[in-house]
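Where a number appears in this text, it was derived from the coordinates with a stated rule and is not lab data. In this text, all values refer to a predicted model and were calculated from it rather than measured experimentally. Note: ideal-geometry Cβ built from the backbone for every residue, glycine included; neighbour counts use all protein chains shown.
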Amino acid sequence: RGAAEVPGVRQDLREAELEDFKALAYGSMECETIDNAMLGIQGRRNVTLNVISVETANITIGLVQSGYSYDSFFNYGTLVGEITQTLAMRKNAQAVQGIL
């Protein structure tokens with residue numbers, strides 16, 4: 001299921017004109033930990049999990065995969081530029097302040 005389908009997560013930032021960046025889902029959800037001795041986590045503690053999920057189109061993490069048009073670490077800067085452009089838009093100022 002997509003990030004925007006998770007209770008407490010909003011999907012407010014999207015730009016249809018951009019090639020690779022499609023949306024940014026963000027929000028918070030209340031969770032309860034479980035015991036994990038290896039990581040030193042005590043179970044049954046209430047925590048707030050803050051989430052940011054970047055949704056993209058036809059992109060891998062830079063590994064070559066059949067059928068993907070965007071498969072180079074060197075091109076990742078294009079995606080970062082589109083995310084930054086979207087976050088800097090005046091119309092998104094209130095949402096960005098909510099994320100920060």
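A crude spin-label estimate for the pair ARG45 and CYS31, with each label 7 Å from Cα along the Cβ direction, gives 1.3 nm.
Applying 0.36 nm per residue to the separation of GLU17 and THR84 and subtracting their alpha-carbon distance, the gain on full extension is 22.7 nm.
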